[in-house]
Every structure is written in structure tokens, then in C-alpha cells.
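First comes the structure, then the notes that go with it.
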Amino acid sequence: MDENLEWNPALLGVRAAAEDVFLDALRRDGGTGSKDVTGVVDALQVEPVGFDGHSVSHHLQRDGELWQLREYAALRSLYHLKEADPHLWVVPRLTGRAKAGMVAVEFDEFGAGRAENIHARLFADLMTDLGLNAQYGHYPDAAPAQALATVNMMSLFGLHRRLRGALVGHFAAVEITSSPGSRGLATALRRVGAGPAAQRFYDEHVEADAVHEQVVRHEVIGGLLEDEPALAADIVMGIEATGHLEALLGDHLLTAWRDGRSALRTPLTP
Ligand SMILES: [Fe+2]
Ligand SMILES: [Fe+2]
């Protein structure tokens, strides 16, 4: 692809129009308009549940089959193979404790100085272990809109200074809910007999994100609110929009899987 298209004015015009529609929908359907950051963050600690009372990670942990875990990995690859690039865009827009905390977490996401520990690398290893194509950009056409939406939301929040509060809220939602979710997925992968590389990605996140959760909560959110209290509503919006899109994706996945059919637009080859 021609890299000059990145700053093509016509393309940016189309992007801006699409972003306006998307952002309006997120605010309308995904948010309560609350400014109670502490209350919304506390609520994240109660694991979100799917439409019938079971979250996707719960389902996969208890009843998930190998083909469902492969589908899950394929659609999550849209983000995890570039983890945590869209989140990093917010760093120049933060100051003080929020900036330092954000970079401390991102240091781990990017392998803490070791290429083989970059989380995107760990996810590629997981995909290879599950017999999937680990090349970036292989699965977008197979992904349902609900899976694309979360990835688009990260880019939207990350690319705009005015949405820095929403990006921090989104990031907090990911880090705070990751540890229990990862534990379920690690158990699921062990149960279906996946190899050590497949288990390592989620094992790593059980431990790392228990620490990240504290840093994000106290330093990143706490620091940002201290610097810019007016961003409270946007932080909440980022958290709630993330929960909203994850709930839509969860409904889609569980509905398809309970019917015994693929949740992807183009099913994987066994
Ligand atoms: Fe990570
Ligand atoms: Fe993390």
C-alpha cells in the first residue's frame, strides 16, 4: 500500500466523517453520561457477564472447545498482534504521574527490553501454537463487526488529543478486566491441550495485569484526574464504551457458539 495515503486529505476527510458517526453512537448507546470515575472503575472489578449470565471467558473456561478458542484468537489478533500500539499514542498528551504510569505499564507490554517478551510476539506464538496464521492483517475479513469496532475505537481515542480521557478510560477497562479474564482463558487452553506457547500469553497477563491494574487506577487515572479534573466524564465514557462493545461481541460469540456455528464471517480451516 502507498504509505503517502496515511496523510491523504481526501481519505482523512472520509475518516473524520466515519469517526463522528462512530463516536456519536458510542456516546448514545454505550454511555450513561456519568462523571463518577471511582464508581465505574469499582464496577469493573465485578466481572462483566454476557447476555445469558456467562461471559465469554467463563464460557471458554468451562465449556470452550478448541475450534472456539481458535476463532477467539483469530478475531483478537486484530488487536493483540499490535498490542499496545494504539494505547501508546496517548503518552505525548499526558503529563506527570499519568504519563509516568502509562509508560511504566507500556514498558511491560513492549517486552521490558526483550523482543521475545513483547506481548504482540507472545500472541503470535499463541496463534502459531493453535495452527493459525500469525501474520498481522490476516484475519480482518473474517472478523465480525463487533470485533472490528473495539479495535477502531482504540485508534479513534488514541489518535485525537481531545479524546485522551476516553483513551485512558478504555485502557483502564482493558487492564482492570484482563487478569480474571486471562485466568479463564489460560485454563481453557490447558483444558483443550494447547501447547505452552498458547498458554504463556494468558498466564503472563494474569500476573502482569494484576500489577498494571493498580498502576492504571492510582497513577494513570489518579494522575490525570489531578491534572485535568474536567476529563472525568470522558474517562467514564472510555470505560463504558469499552464495556458496551465487549458486551456486543460477547453476545455475538456466545449466540453463534451455542448454536454450534462459527462466529467468524469466513470460518477457519481446521
Ligand atoms: Fe499485554
Ligand atoms: Fe497489561
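Bear in mind that the values in this text are calculations on the coordinates, not laboratory data. Since the model is a prediction, treat every value here as computed from it, not as a measurement. No Cβ is skipped: glycine too gets one built from the backbone with ideal geometry, and neighbour counts run over all protein chains shown.
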Next on the checklist: Suppose every Lys and Arg Cβ carries +1 and every Asp and Glu Cβ carries -1, with no other charges. What dipole size does the stretch 158-236 come out with about its Cα centre, to the nearest 20 debye?
Outcome noted: 400
Item to check | Burial ordering of I221, I176, I118, fewest other beta-carbon atoms within 10 Å first | outcome: I118, I176, I221
Checklist entry - Summing -39500 (n - 2.57) over the DSSP H runs of n ≥ 4 in the chain and dividing by its residue number, what mean residue ellipticity at 222 nm do you reach, to the nearest 500 deg cm²/dmol? => result -21500 deg cm²/dmol
Item to check | Charge dipole magnitude, Cβ of K and R +1, D and E -1 - the stretch 189-270, Cα centre, debye nearest 20 | outcome: 840
Next on the checklist: Over the Cα atoms of the chain, what radius of gyration and what Dmax do you get, in Å?
Outcome noted: 18.0, 51
Item to check | Length-normalised contact order for the stretch 80-151 - Cα pairs under 8 Å, 6+ apart - percent | outcome: 29
Item to check | Extension gain from R114 to T32, taking 0.36 nm per residue of separation minus the Cα-Cα distance | outcome: 25.4 nm
Item to check | Cβ-based charge dipole, the stretch 107-258, positive-most Cα from L148, L253, A124 | outcome: L253
Item to check | the stretch 132-264 - Rg and Dmax from Cα coordinates, angstrom | outcome: 16.7, 50
